[in-house]
Amino acid sequence: MDGNFDACLDIVQELAARGEAYLLNSLNPFRLEGQKTIGFEILEAFRDDYGGFPDRIVLPVGNAGNTAALYKAFRELVQSGALAVDEVPKLTGVQAEGAAPMVEAIEAGNDEIRRWEEVETRATAIRIGNPVNAPKAIPGIRNTGGTAVAVSDAAITDAQRQLAEEGVGVEPASAASLAGLKKLRREGVVDDDERVVCLTTGHLLKDPDAAYEAGSDPEPVPNDVDAVAAHLEE
């Protein structure tokens with residue numbers, strides 16, 4: 001289609017309203033209920049491994065579905081008595097600098113976002129100028145004491161490479177969470193003693209072209225076992 005993600009979603013919403021299509025993503029309530037379980041799993045795993053809950057969850061923001069869903073999960077846990085209000089992790093959203101309407105709204109103290117008509121970032125999964133779940137996600141960030149930050153594509157690429165060195169292969173949008181945490185650490189927003197979870201949302205092969213671009217050029221080696229072993233040793 002001759003249009004970006006936001007334009008596509010506009011059309012899908014209109015078709016759904018006409019009864020011509022079923023809206024499966026982003027705004028679908030069943031999808032958000034599924035994403036909500038991410039919050040349950042994070043708290044459960046963190047409690048079992050570390051004997052408590054994380055202070056902060058850093059996650060990439062595209063349409064802000066995960067942010068909205070995690071906030072819903074934590075509200076329900078508080079309402080049920082399973083989680084104390086002061087145990088709710090700070091929700092911290094990360095966007096690319098070329099597509100950061102949520103960050104703009106948070107920094108300006110606005111309750112609504114300004115739609116960005118032109119967006120560009122190598123992190124294709126968050127190349128979104130009109131996060132449709134922003135009305136649910138912005139209160140989630142504010143009411144948990146979190147924040148939102150924008151990072152450069154270069155920082156995203158560096159974070160993707162760093163994760164790869166640790167054996168974690170993710171697409172660029174997922175690496176944005178680590179890039180955002182690193183920036184917030186440098187700025188002193190995230191304290192030394194905070195326990196932080198970075199959420200990754202997409203496998204490396206979701207965007208293989210970006211992975212190839214982020215890598216190094218192939219290095220030639222002779223057709224010899226010892227030569228290959230020596231090169232790896234270097």
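Just a few scattered comments:
- With the convex hull drawn over the C-alpha atoms of the range 146-234, the volume per residue is 135 Å³.
- Cα-based radius of gyration of the range 15-134 once divided by 2.2 N^0.38 Å, which approximates compact folds: 1.18
- Ranked packing of 113-125, 39-51, most packed first, by mean Cβ within 10 Å: 113-125, 39-51
- Formal net charge of residues neighbouring CYS8 (Cβ-Cβ distance under 15 Å; K, R +1; D, E -1): -4
- Of all DSSP beta bridges in the chain, antiparallel share, percent nearest 5: 10 percent
- Furthest towards positive pole of dipole, THR201, PRO135, SER80, structure part the chain, Cβ charges: SER80
- For q = 0.13, 0.18, 0.19, 0.21 Å⁻¹, Debye-computed log10 I/I(0) when each Cα of the range 50-113 counts as one equal scatterer: -0.42, -0.74, -0.80, -0.92
- When the P(r) is computed for the chain, the part past 25 Å accounts for 46% of the Cα-Cα pairs.
- Partner lysines whose Cα lies under 17 Å from the Cα of LYS36, excluding those fewer than 8 positions away in the same chain, are identified as LYS72, LYS90, LYS136.
- The label point for GLN13 and the one for GLU233, both projected 7 Å from the Cα toward the Cβ, are 6.2 nm apart.
- Helical runs assigned H by DSSP (4 residues or longer) give the chain a calculated mean residue ellipticity at 222 nm of -15500 deg cm²/dmol, each run adding -39500 (n - 2.57) before division by the residue total.
- Span from the the range 1-28 Cα centroid across to the the range 58-108 one, whole angstrom: 24 Å
- The order of CYS198, CYS8, going from fewest to most other C-beta atoms within 10 Å of their C-beta, is CYS8, CYS198.
- Taking the Cα centre of the chain as origin and assigning +1 to Lys and Arg Cβ atoms and -1 to Asp and Glu Cβ atoms, the resulting dipole is close to 1180 debye.
- Put a dot 7 Å past the Cα of ARG31, heading toward its Cβ, do the same for GLU97, and the two dots end up 2.9 nm apart.
- Fewest neighbouring Cβ atoms within 10 Å first, the residues VAL189, VAL168 line up as VAL168, VAL189.
Read the figures in this text as sums done on the coordinates, not as results from a lab. Nothing here was measured: the structure is a model prediction, and the numbers come from that model. Cβ: placed from backbone, ideal geometry, glycine included. Neighbour counts: every protein chain shown.
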